[in-house]
Amino acid sequence: MKFFLLSDNIDTQMGLRLAGIEGVVVHERQEVLEALEKAMHMEDVAVILMTTKLVETCPDVISELKLRMKKPLIEEIPDRHGSAKIGETIDRYVSEAIGVKL
């Protein structure tokens, strides 16, 4: 099983490629959804890494997939700008999953 990256910039893609993780660079919502759908149907992909900016293009879809799908795991990673509020995002996902505001 392996990782797959959906990134909004070439820097992140190149850095993770050095670690052996393949991926694609996309920018628009439709491109993100198409690449995500394709990655989800890859039999050998266990974890899909997505930069924060891409998650923000379609948070409703990503949240729904995280709550409903067992495989692959979709994980948000900070992008090169480092302006992510991942803690708040995790709180929101947990709150939606268990129905209790944290």
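The values are calculated or read from the model by the stated rules, or taken from the named source; none is laboratory data. Note that the structure is a prediction, hence the values are computed from the model and not measured. Note that we place each Cβ from the backbone using ideal geometry, even for glycine, and neighbour counts take in every protein chain shown. Heads up: the accessible areas ignore ligands, DNA and RNA and are worked out on the full protein's heavy atoms, side chains in. Shrake-Rupley method; radii C 1.70, N 1.55, O 1.52, S 1.80 Å.
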* To do: Just name the residue that is least open to solvent (accessible area, probe 1.4 Å) out of those in region 24-72 that are in contact with a Phe, Trp or Tyr (Cβ under 8 Å, 6 or more places away or on another chain) and within 19 Å of GLU96 (Cα to Cα).
  => SER63
* Return yes when ILE90 is open to solvent by 80 Å² or more (accessible area, probe 1.4 Å) and at pLDDT 70 or above and no when it is not. => no
* Filter result (more than 11 Å from THR51 (Cα to Cα) and at pLDDT 95 or above) within region 4-21 -> PHE4
